[in-house]
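Written below as structure tokens is the structure these notes are about.
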Amino acid sequence: MSEDFPRLGELPIKGGWGYSVDDAIIIDVNDPAVDRATPFNGVALEYVLVDKRLFEELIIFREKGDRYVNIEKRLVNQRLFTTEDKTYDHLVFDVTAIPEWAEQMPVEPQEKARVFFRSEFWFDITSFC
């Protein structure tokens, strides 16, 4: 992710892409990339990572002509999930986007082309919970 978004700098994350609990994005407050001079805001980092993963999925990883624009998301559910030794934050978003090819169309056909889907994000927040 940092390769596609160099202005983010080093991120205190490891693990997977957050598609499931087994593939959770691990946010590590003890990572050397964390600035100890400022309070750590793990929730804000979660939302940055949500935006960037959606951007990767809907734009960067796609071929030209198969990309999306006007990406919007709405949180529909958030819950903490705890196991014996881990704490997870599970976020579920409804996401909408317009295909790039429909961007210049009038509003009505553009809205008919809009896609809707639900996207889940799993974060291992054990280090700061």
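Details
- Only helical runs count toward this figure. For the chain, summing -39,500 (n - 2.57) over DSSP H runs of n ≥ 4 and dividing by all residues gives -5000 deg cm²/dmol at 222 nm.
- Longest segment of the chain lacking GluC sites (Glu not before Pro) that sit in a DSSP loop with at most 15 other Cβ atoms within 10 Å: 11-62
- Full-extension gain in nm, Asp51 to Phe5, via 0.36 nm per residue minus C-alpha separation: 15.4 nm
- The fraction of all Cα pairs in segment 68-117 landing in successive 10 Å bins from 0 to the largest distance is 24, 33, 20, 15, 7, 1, given as whole percents.
- The aspartates and glutamates within cross-link reach of Lys86, meaning a Cα-to-Cα straight distance under 15 Å and a gap of 8 or more places when in the same chain, are Asp22, Asp23, Asp28, Asp124.
- Listed by chain and number, the lysines whose C-alpha is less than 26 Å from the C-alpha of Lys73, apart from same-chain residues fewer than 8 away, are Lys14, Lys52, Lys64, Lys112.
- Centre-to-centre, using Cα atoms only, segment 69-104 and segment 19-46 are separated by 17 Å.
- Within a Gaussian network of the chain (alpha carbon springs, distance under 10 Å), most fluctuating of Gly15, Gly42, Gly65: Gly65
- Treating each Cα of segment 6-128 as one equal point scatterer and applying the Debye formula with no solvent, the log10 of I(q)/I(0) at q = 0.11, 0.18, 0.19, 0.20 Å⁻¹ comes out as -0.45, -0.98, -1.04, -1.11.
- Segment Asp66-Lys86, length gained on full extension (0.36 nm per residue, minus Cα span): 3.4 nm
- Spin-label zone in segment 64-102 - amide nitrogen under 18 Å from a point set 7 Å from the Cα of Ser127 along the C-beta vector: 85-90
Values quoted throughout were computed directly from the atomic coordinates according to the rules given, and no laboratory measurement underlies them. A quick note: this is a predicted structure, and the numbers were derived from the prediction, not measured. FYI the Cβ positions are ideal-geometry reconstructions off the backbone, even for glycines, and counts take in every protein chain you see.
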